[in-house]
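The values are calculated or read from the model by the stated rules, or taken from the named source; none is laboratory data. Predicted model only: the values in this text are computed from it and were never measured. Cβ placement follows ideal geometry from the backbone for every residue including glycine, while neighbour counts extend to all protein chains displayed. Accessible surface areas use protein heavy atoms only, side chains included; no ligands, DNA or RNA. Shrake-Rupley method; radii C 1.70, N 1.55, O 1.52, S 1.80 Å.
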Amino acid sequence: WHGGHGLTTGIRSVPLDDAVGGVARVGGVNPAGRHAAKIAELRGTNGVGVGGLRTDERTATLFSTVLAFSIFCAMCLMWFWHIYLVCTAQTTIDYYEFRDLRKEAKRRGTVWRNPHDLGSWRANWQEVFDEKGRHWWWMW
């Protein structure tokens, strides 16, 4: 047997399993496969896509890149959100409670101040991380 496709003789036999995947083969050759190979040959890719990657590799690379970029953006947003909270001396719960208090004070015509705010972002940062001295920002 030669590859499960019949006896190896001088005459090519067409076995029963040459109709695989719903595509009829003629003389043991898959016409669709032959055309795809010819198209790849004309494109100069020989089954390899742009940048030396096959289509499935390009798809996986694109998916991984988009996923990594999305996670990076989400992490940056979370990082900036927490920097904001630290610099304004709030927790996430404080932010939403204080937001409602600010709206209420604005409606009454007054200004509401955060009771935990020390006045500057540096003072708030130093208070949260307990960093004092000349080079306090190095320790973070």
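Values computed for the structure shown
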{"item": "Residue selected from the stretch 104-129 under the condition closer than 22 Å to residue 86 by Cβ and among the basic types (Lys, Arg), by the criterion least open to solvent (accessible area, probe 1.4 Å)", "result": "122"}
{"item": "The stretch 61-119: number of residues that are touching a helix residue (DSSP H, G or I) at 6+ places or on another chain (Cβ under 7 Å) and in a loop (DSSP other than H, G, I, E, B)", "result": "9"}
{"item": "Answer residue from the stretch 62-95, given it is of a type in the set (S, T, N, Q) and open to solvent by 70 Å² or more (accessible area, probe 1.4 Å) and is nearest to residue 118 (Cα to Cα) among those", "result": "91"}
